Amino acid sequence: MGSRKFLGFLAVALAVLVLLFPGLLMPNPPPLAAHPPSKGVVSPENLLAEARASMAPGTAPNAGSISPWSNLSATVTKSPSARDSPALVYDRADGFVLLFGGQGLERPVLGDSWKFDSGKWTLLKEKVAPPARYGAQITYDPLDGYVLLFGGFRSPAAPGFNDTWKFVGGSWTNLTPGLSVVPKGRGEGGLAYDPTDGYSVLFGGCPSIKLISKPLADTWTFAHGAWTDRTASLSKAPGARALLSLSADPPDHGLLLFGGLKGTTGYSDTWLFANGNWSVPLSASGPVARLGAAMGYDGSFGAVVLFGGQSPNGSFLADTWKFQGAAWAQLKVAGPSARYLSGFTFDNATAYSLLFGGIARSGAGVVFERESWAFRSGGALWANASTPTRPGARDGASLVYDPSLAKVVLFGGEHRAGSVVTYLNDTWTFSAGAWSRLNSLSAPSPRAFASATFDARASELLIVGGTNGTLLNDTWVLSGRTWSPVASASAPSPRSAASMAYSDSMNASLLFGGQSATGPSAETWEFTASGWQNLTGSLTKSPPARSGAAIVYYPSTGGVVLFGGAGAGLLGDTWQFAKGNWSAVGLHKPPSARSNASLVYDPASGLLYLFGGAGSANPLNDTWQYSRGSWTPLAPPLAPPGRSASGFVFDLYDHAGLLFGGSGASSVDLNDTWTLGG
């Protein structure tokens, strides 16, 4: 945020300078009260010079690493330069983490834009971009469908910016000319999207670097492209402050605010903004007072995570905390070296939180960091963000082979962390043994247990329904790299875990069952060029109602094969749809009853393969082979661990069955990739 600069403009006690940047002046700062007031003004240029001098020539800005953290600087070929106070956020529309600006050593004030995608940093080259700045407030606004950036500082002497920018489709646009009212210019405030109330909330900050001792306490909201001042309508609000930490807190249905600074006073209070007002949540104890801490909601962890910052006595912090269940708890884990003013955001694409940059101590001085770190919720540990690219852990994802792309496509799913469920809407492709993120300007909303297949008639990937906590029935197609909604005069009622497969003999997609608002369904639908048609009334026979049945087209018989599911208990029956009707397949010793198993057709052998599913006890990991009405158990020397609701499809490019993720033992979501045959 460049706080090393603004203190030079304050005709206040030198203690304030020691408070924020003790390392620039002395190796061991005494307590705040022990230091006399300054009688003069310290130049910010001198502060920056001293910061540079604190680094030996040729020394990289690296504070080292403590296991289980490791430094990415040796594994990435390019990254943003060292800096503090960058604006960092996950851009859901574009499918990557966006970084803008900050300030550091190479250039005092930065105006570059970077994306972090698939574990790599890439510099974005825009024709139009916000002026260089640091300490800007940033969030992703899903209501308006873009990244929202407000304010920041251009220099120690100038007032804070009061411009509003959006970023979408890889481009910046200045929204300011079209706004009738805007908040007062500022930097180092808080800006976050409130998913419950459906707007972005701006709080606090300071109007200029010179006025750090006179921060703001106003509350604004942004929705539908317009700012609204909510301050006068509030019955309660946090005290004025800057350098605070503000984050979405979905489990508590609002936003969480922690800490900050006013003059020489550091705060350790915790506030919740929900239903249009501020309140103090119940938390008997928590992190010590601090400013400039990294904080954000981790969707995989199901909790707000806080790291580091600077305490009022001038010490840099390296502790990690979580806020969950209206209480703080410290995580006894090793992490990055002590630092503050880092960028921090949850990366939906990789399902971990990403931390970048900040100010750290180096001997008697400071360094500006350029490290990238990941906080992975598995075991609540920090880990190297350079691990191989792949989708995050999940179950209930849709996995389909798309011949038009010659790739396997994965969409959505859900990630469970305890009782917290995060629904996903990222799109990935798999080819030649590697996962890649597919970015599209539009996509179906986050969901799990949607029904999907490749519609060979239209050469499009088809997806319908699913759940995001509420049952859905919208229909989408993926054509090339573009998602588009599909209108139909009629459609299946909202449902999840329905079974769908494309039938070459019907030249249509067939959908059966699913979990509807009234329970398991026994409806049969088809999707053709005319849209959705309900076939149920024309059938003479049908499987019993169920959801989570395994389904695939079987060319050898020209029919669609359906197995198992959950209806009136777990089911283990086999059915075939051919020539316009269902028929039961009587079998000797079929697989045990189960739901959410995975079924695939192997064109090389002409066989069907079934794997796993949710049985009566633990998730299953048995493999079965089906051929013309007969099931045979297999005993491969190696098999994936037991799981249900995984994605399983035959990859025609790699000539093998491809299985990804699912829900494993103890309902732990997985993100491993397996192949069968090939």
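The values are calculated or read from the model by the stated rules, or taken from the named source; none is laboratory data. Computed from a predicted model, the values in this text were never measured in an experiment. Don't worry about glycine lacking a Cβ; one is built from the backbone with ideal geometry, like all the others, and counts go over all protein chains shown. Accessible surface areas use protein heavy atoms only, side chains included; no ligands, DNA or RNA. Shrake-Rupley method; radii C 1.70, N 1.55, O 1.52, S 1.80 Å.
Any chance you could list the semi-axes, whole Å, largest first, of the equivalent ellipsoid that the Cα gyration tensor gives for region 78-183, using √(5λ)?
That gives 20, 19, 10 Å for the three semi-axes.
Need one word for region 207-365: rounded, prolate or oblate. Basis is the Cα gyration tensor (sqrt eigenvalues a ≥ b ≥ c); a/c below 1.5 gives rounded, then a/b vs b/c decides.
Judged from the Cα gyration tensor, region 207-365 comes out oblate (a/c at least 1.5, b/c at or above a/b).
How much length is gained on full extension from V288 to A617, taking 0.36 nm per residue of separation minus their Cα-Cα distance?
113.9 nm
Shape verdict for region 173-292, please, from the Cα gyration tensor: rounded (a/c under 1.5), prolate (a/b greater than b/c) or oblate.
Because a/c hits 1.5 or more and a/b fails to exceed b/c, region 173-292 counts as oblate.
Could you grab the relative contact order for the chain? Cα pairs under 8 Å, six or more apart, rounded to a whole percent.
That works out to 9 percent.
How big is the charge dipole of the chain about its Cα centre, in debye rounded to the nearest 20, if each Lys and Arg gets +1 on its Cβ and each Asp and Glu gets -1 on its Cβ?
1220
Between 0 and 90 degrees, rounded to the nearest ten: what's the tilt of helix 44-53 against the longest Cα principal axis of the chain?
The angle comes out near 70 degrees.
Tell me which of G343, G612, G95 sits at the most positive position along the dipole axis of the chain, charges placed on C-beta atoms (Lys, Arg +1; Asp, Glu -1).
G343
Based on the Cβ-Cβ distance of S81 and K332, what FRET efficiency does E = 1/(1 + (r/R0)^6) give at R0 = 30 Å, to the nearest 0.05?
That gives a FRET efficiency of 0.35.
By accessible area of protein heavy atoms, probe 1.4 Å, what ranking do H224, H655 get, highest first?
Ranking H224, H655 by accessible area, largest first, yields H224, H655.
For region 297-359, rounded, prolate or oblate, judged on the Cα gyration tensor with a ≥ b ≥ c (square roots of eigenvalues), a/c < 1.5 rounded, else prolate if a/b > b/c?
Oblate, because a/c is 1.5 or more while a/b does not exceed b/c.
Are there trypsin sites (Lys or Arg not before Pro) in region 388-482 that DSSP marks as loop and that have at most 14 other Cβ atoms within 10 Å, and which are they?
R481
On the full set of protein chains, 1.4 Å probe, figure out the accessible area of D141 and give it in Å² to the nearest 10.
Its heavy atoms expose roughly 0 Å² to the probe.
For region 215-281, with only Lys/Arg (+1) and Asp/Glu (-1) charged at the beta-carbon, what is the dipole magnitude about the Cα centre, in debye rounded to 20?
Using Cβ point charges on Lys, Arg, Asp and Glu, region 215-281 gives about 140 debye.
Please report Rg (one decimal) and Dmax (integer) in Å for the Cα set of region 513-660.
According to the Cα coordinates of region 513-660, Rg and Dmax are 15.3, 47 Å.
When we measure straight from the Cα of K184, which lysines land under 24 angstrom away, once same-chain ones fewer than 8 places off are left out?
Straight-distance partners of K184: K5, K166, K210, K214, K236, K262.
Treating only the Cβ of Lys, Arg, Asp and Glu as charged (+1, +1, -1, -1), what charge dipole size does region 475-616 show about its Cα centre? Round to the nearest 20 debye. If you can, show how the numbers build up before the last one.
On the way: 7 positive and 5 negative charges, 34 e Å.
About 160 debye.
Can you compute the helix-only [θ] at 222 nm over the chain? Use -39500 (n - 2.57) per DSSP H run of at least 4 residues, normalise by all residues, nearest 500 deg cm²/dmol.
For the chain, the value works out to -1000 deg cm²/dmol.
Could you calculate the FRET efficiency of S666 with S445 from 1/(1 + (r/R0)^6), where r is the beta carbon distance between them and R0 is 25 Å, rounded to 0.05?
0.30
Aspartates and glutamates within cross-link reach of K78: Cα-Cα under 12 Å, excluding same-chain residues under 8 positions apart?
Counting by Cα, and skipping residues close in sequence, K78 has these aspartates and glutamates nearby: E371.
Out of S490, A593, S451, whose Cα points farthest toward the positive end of the dipole of the chain (charges: +1 Lys, Arg; -1 Asp, Glu; placed on Cβ)?
S451
At a Cα cut-off below 14 Å, give the aspartates and glutamates reachable from K579, other chains included and same-chain residues fewer than 8 away excluded.
D504, E526
How big is the chain along each principal axis, measuring the range of its Cα positions in Å and listing the largest first?
94, 53, 49 Å, listed from the longest principal axis down.
Among T528, T557, S547, which residue has its Cα furthest toward the positive end of the charge dipole of region 463-607, with +1 on Lys/Arg Cβ and -1 on Asp/Glu Cβ?
S547
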